[in-house]
1. Rounded, prolate or oblate: pick one for region 71-226, where a ≥ b ≥ c are the square roots of the eigenvalues of its C-alpha gyration tensor, a/c under 1.5 means rounded, and failing that, prolate if a/b is larger than b/c, else oblate.
2. Out of Val37, Val103, Val172, any idea which swings most in a Gaussian network model of the chain, alpha carbons joined below 10 Å?
3. Would region 49-142 count as rounded, prolate or oblate if I go by the C-alpha gyration tensor, calling it rounded below 1.5 in a/c and otherwise prolate when a/b exceeds b/c, oblate otherwise?
4. What shape does region 89-147 have by the C-alpha gyration tensor, where a ≥ b ≥ c are the square roots of the eigenvalues, rounded means a/c under 1.5, and otherwise prolate means a/b greater than b/c and oblate the rest?
5. Just the number please: accessible area per residue for the chain, 1.4 Å probe, all protein chains included, in Å².
6. Can you show me the helix-derived [θ] at 222 nm for the chain, built from DSSP H runs with n ≥ 4 at -39,500 (n - 2.57) apiece and divided by the number of residues, rounded to the nearest 500.
7. Want the number for Leu99 to Glu170: 0.36 nm per residue separation, take away the alpha-carbon distance, what's left?
8. Evaluate the distance, in nm, between pseudo-label points positioned 7 Å from the Cα of Glu80 and of Ala222 along their respective Cα→Cβ axes.
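The values are calculated or read from the model by the stated rules, or taken from the named source; none is laboratory data. It should be emphasised that the depicted structure is a prediction, and the values quoted were computed from it without experimental measurement. Backbone-built Cβ (ideal geometry, glycine too); neighbour counts: all protein chains shown. These area figures cover heavy atoms from the full protein model, side chains too; ligands, DNA and RNA do not enter into them. Shrake-Rupley method; radii C 1.70, N 1.55, O 1.52, S 1.80 Å.
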Amino acid sequence: MKVLTVNIGRPAPSAHTDSPGGLTGIGKRPADGPVPVADPGPRGTGGSGLAGDAVCDLRHHGGSDQAVYAYAREELDAWEKELGRPLPNGAFGENLTTLGITVSHARIGERWRIGDEVLLEVTSGRIPCRTFAGHLGERGWVRRFTREGATGAYLRVIQPGTIRSGDPVELVHLPGHDITAAMEFRATTTERELLPRLLAAGDALHQQSLRAAREYVAKHGAGAPS
């Protein structure tokens, strides 16, 4: 398991975002050298966990629970076949393009050691947005991405440090529950009856999803399909 590339985005104008200034950092390219990684701080004030990586809409992106976004090269390859076009590393706006990791099926709270220093923890899947669709230029992209459910994973920074393309990834903690990034995505989008099951992931879960699960249980009870 390894990081193929560490990808950084620069601010660029986009007609597909309503962020202040009309800018987005979704267009990411592999960095030439080592990249410092640290907790960026809470949503609304903190951006990306990677130094030099632009997050232009702090209302919806960035912050501690979405400090780093990872997507598997294997899943990009599958999308290449379906879309009939090349998708270079960083094409989905991911910070880390990985190899040998089933990223979308990583468990919430799973921890990855990257290189010698950085420790990351899986928090949630990625919900597609209008900016993502506009960036790819594919009709009905939000619907297609949602239907496929290959979400990739957001991660928080547990231990800061420096990462670089080619760094090994070691799974150092695997939670005992079965709540994956892909399941969290389904629960918070198309299958909200699954929300109570997310509580098994505890505080490792993205705080927004944890709040949604608790509110659902308070309103509807804890019953959910097994």
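1. Oblate is the answer for region 71-226, as a/c is 1.5 or above yet b/c matches or exceeds a/b.
2. Largest GNM mean-square fluctuation: Val172.
3. oblate
4. Cα axes put region 89-147 in the prolate bin.
5. 45
6. -6500 deg cm²/dmol
7. So the chain would gain 24.4 nm between Leu99 and Glu170.
8. With each label point 7 Å from Cα toward Cβ, the separation is 4.6 nm.
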